[in-house]
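Comments concern the structure below.
The values are calculated or read from the model by the stated rules, or taken from the named source; none is laboratory data. Computed from a predicted model, the values in this text were never measured in an experiment. Every residue, glycine as well, gets a Cβ built from its backbone with ideal geometry; the counts of neighbours run over all protein chains shown. Surface accessibility is based on the protein's heavy atoms, side chains included, excluding ligands, DNA and RNA. Shrake-Rupley method; radii C 1.70, N 1.55, O 1.52, S 1.80 Å.
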Amino acid sequence: MKWDLTRIYKTKELWLADVKSLKADAMAIGKFQGKLNNKETFKEFLVANDNLDKKLSKCYTYASMSYDLNQKDTNNQEMYATVFSAYNEVVSLTSFVSPELIENGKEIVESWLDDSTKEYTYMIDKLFRNEAHVLDGKTEGLLANYNQALGSFNLLYDQLAVSDNHSTMVTISDGRTLEINESNFRLYLEELTNQDDRRLVFEAVFKFYFEHKSTFAGIYNGIMQSELAEAKTRGYSSILESHLFGNNIPTDVFTTLIKTTRENTKPIKKYYQLRKKYFNLAKIHTYDRFLALAKSDLKFTYDEAKNLFFESTHRIGGDFEKMSHLVLEDGRVDVMPGDGKRTGAYSTGLYEEGPFILLNHNNSLDSAFTLAHEAGHSMHTMFANMAQPYVTSDYVIFVAEIASTFNESLLLDTMMQHDLDKNTKIALLQKSIDNILSTFYRQSLFANFEYEAHKLVEEGKPVTDKSLSDIMRALYLDYYDIDLNEEEYKEMVWAYIPHFFHSPFYVYQYATSFAASSLIYDAVKNKKPGAFEAYLGLLKSGGSNYPVELVKKAGVDLTTKEPFMTVVKRLEELVDELEKLLA
């Protein structure tokens, strides 16, 4: 139940040889500089560039996966730093390409495409769509030279949040002493019935972020200042636009999402009041949100969770079911938590070697759903790799969470069809509600935080731990009716979320994908003619078109607020159903 990294490189020495050759390969691309002005040279460049990109991706993924297995291991840290340096060198050496192609003009470059290179049509369209924000070759080279220096903020965050982090021993009311860390604290918050015990567990994790609040704020400010500098240099109207423009995602999609969710929090507040009344709490706190409403024996070993997932994909059958087995075969999944191992879960992958999944399985109900979620990403990757040429195989984040949340819905429906007792039904209903809160509302809240934090930078206002925490306090009050002034350390949740530091303006796409996935799943579940074929088409389309258009072809228009309001309505229905069951 561990990754077989020999699927990528048989030995570390082979990886190192490829890393060392990257600079030479990038310099070989340099021979095209000043010559990308005719069809034959252009076609030669495309082949050489794809080969370089594949090798770079392979080197980077291998080092990144090794690092995530044990981020405390200095050898793994060195591998990651080495390939990150090589990546930045490649970017610098090839920075002339976009400006030089643009100089030819779109009409001429498109005329060079023929039957052997037609798969590059979308890439060329994207290139010229970004024409206004691509600078001359010299300036692009200068910007590329700063990539490694600016990227060090990301590494610094990992070194502080992971490498320097540690477990904390906590003694709870029944006399037990628990070892609490980021891999297991949520499990205890679900199980411990004493509110003060939950507080102690919660504080054991978030106190670390509070103790280093100035450093985390400084790192985040450095990242945002870097984003602002690049946005200004490239002529974007805002940092938000700089992140959305390349994939032709209207900023209205983002702003409509955060406005719609913030204005429709009534069902969340009703749900939390139900929980407050049910558990007879004087006040509800953030660490009370996960306590199970009903005692259930639902526990799943990894094998049990995997078989349950296979049962769910069997309902669809065909290639979909076969693919679910393929992505979970031995060597593709690293299952159990470990010292220094990256927390959470993700799916990564390569074009020729296929996808890999990292888990931190703890036998909980959440772990079973996490497996289905990450398998959805891997299935998406595999379908895209098999249907698309390399250049259009890699789908963007905007559509990435559709397959994952589709699988979660499929798994939930499968479990609900089992012969379940009332407590288990309540537990699954809670899971369904909590899934909407965590994937749709919580990510919208975090997106709102990013939006307001970046406005501080754009308006030249101070970025401190206090200013960042003030934003988070206001959002938690609006969304949840929870006053973070009454909880120690929770306002530091902004430092706890690695996406803020590694992938700015990433998290909103969980919410947009969830909304799209909900509509697509309902259409498939209700056997709407052509719905599943359209969904499979989305998975196979990879990155062959702009993401909003790909989702439209699957039946969902995310430029309107209708998909978001559909999720709001679904949450209202589930909370009403829970209220009846609890009564």
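Projecting the Cα positions of GLY105, THR265, LEU484 onto the charge dipole of the chain (unit charges on Cβ atoms of Lys, Arg, Asp and Glu, taken about the Cα centre) puts THR265 furthest along the positive direction. Expressed as a whole percent, the accessible surface of the stretch 69-203 that belongs to carbon and sulfur atoms is 49, based on a 1.4 Å probe.
Highest-first packing order for the peptide set 544-553, 435-444 is 435-444, 544-553, based on the mean count of other beta carbon atoms within 10 Å. Modelled label positions at MET565 and THR11, each set 7 Å beyond Cα in the direction of Cβ, lie 6.4 nm from each other.
Find how much the distance from LYS2 to ASP303 grows on full extension, using 0.36 nm per residue of separation minus their present alpha carbon separation; answer in nm with one decimal. Don't skip to the end; give the middle numbers.
Details: separation 301, 0.36 × 301 = 108.36 nm, distance 1.34 nm.
Computed gain between LYS2 and ASP303 is 107.0 nm.
Simple spin-label estimate for LYS138 and LYS525 gives 6.0 nm between the two label positions (7 Å along the Cα-to-Cβ direction from each Cα).
Count Lys and Arg as plus one, Asp and Glu as minus one, and take only other residues whose Cβ is under 13 Å from that of ALA24; the net charge is then +1. Only helices enter this figure: runs of n ≥ 4 DSSP H residues, each worth -39500 (n - 2.57), summed and divided by the residues of the chain, yield -20000 deg cm²/dmol at 222 nm to the nearest 500. Here the Karplus curve 6.51 cos²θ - 1.76 cosθ + 1.60, taken at θ = phi - 60°, turns the phi angles of the stretch 107-122 into couplings of 4, 5, 4, 5, 5, 7, 6, 9, 4, 7, 10, 5, 5, 8, 4, 5 Hz, with x standing for Gly and Pro. Counted residue by residue at 0.36 nm each, then reduced by the alpha carbon distance between them, the extension gain from LYS461 to GLU179 reaches 97.5 nm. What you get for the chain, charging only the Cβ of Lys and Arg (+1) and of Asp and Glu (-1), is a dipole of about 560 debye around the Cα centre.
Based on the Cβ-Cβ distance of ASP196 and GLU353, what FRET efficiency does E = 1/(1 + (r/R0)^6) give at R0 = 41 Å, to the nearest 0.05? Plugging the Cβ-Cβ distance into 1/(1 + (r/R0)^6) gives 0.25. Please give the contour-minus-distance gain from GLU40 to ASP394: 0.36 nm per residue of separation, less the Cα-Cα distance, rounded to one decimal in nm. Working it through step by step, the gained length comes to 124.8 nm. Bridging of LYS276 to lysines at a Cα separation below 28 Å is possible for LYS207, LYS259, LYS266, LYS295, LYS299, LYS422, LYS425, LYS431, LYS490, LYS569, LYS580, once same-chain residues fewer than 8 apart are set aside. The angle separating the long axis of helix 39-69 from the principal Cα axis of greatest extent in the chain is about 30 degrees.
For SER167 and TYR146, what does the FRET efficiency come to when R0 = 41 Å and r is the distance between their Cβ atoms, rounded to the nearest 0.05? Step by step, r from the Cβ atoms, then E = 0.65. A simple spin-label model places the labels of GLN417 and SER64 3.6 nm from each other, with each point 7 Å out along Cα-to-Cβ. The convex hull drawn around the Cα atoms of the stretch 504-583, when projected onto a plane and averaged over every direction, covers 6.8 nm². Measure nothing but the geometry: give the 0 to 90° angle between the long axis through the Cα atoms of 147-158 and the longest principal axis through the Cα atoms of the chain, rounded to 10°. Taking the Cα atoms of the chain, the angle to 147-158 is about 20 degrees. When semi-axes √(5λ) of the Cα gyration tensor in Å is calculated for this entry, the matching label among [x] 68, 46, 19; [y] 39, 27, 25; [z] 54, 31, 22 is [y]. Solvent-accessible area per residue in the chain equals 43 Å², computed with a 1.4 angstrom probe and all protein chains kept. For the stretch 466-474, the Karplus equation 6.51 cos²θ - 1.76 cosθ + 1.60, evaluated at θ = phi - 60°, returns couplings of 5, 5, 5, 5, 4, 4, 5, 4, 5 Hz by residue, with Gly and Pro reported as x.
Near LEU150, once Lys and Arg are set to +1 and Asp and Glu to -1 for all other residues with Cβ below 11 Å from its Cβ, the sum equals -2.
For a label point 7 angstrom out from the Cα of THR233 toward its Cβ, which stretches of the stretch 146-162 have the backbone nitrogen within less than 19 Å? What the label zone holds, given the 19 Å backbone N cut-off, is 146-155. Residues of the stretch 179-212 falling in the label zone of LYS283, defined by backbone nitrogen less than 16 Å from a point 7 Å along Cα to beta-carbon, are 195-200, 203. Taking Cα atoms only, the orientation of helix 562-582 departs from the longest principal axis of the chain by about 20 degrees. Of the whole protein surface, MET386 contributes about 140 Å² of accessible area at a 1.4 Å probe radius. If R0 is 30 Å, what FRET efficiency do you get for THR82 and ILE124 from their C-beta distance, rounded to 0.05? Between THR82 and ILE124 the formula returns 0.35.
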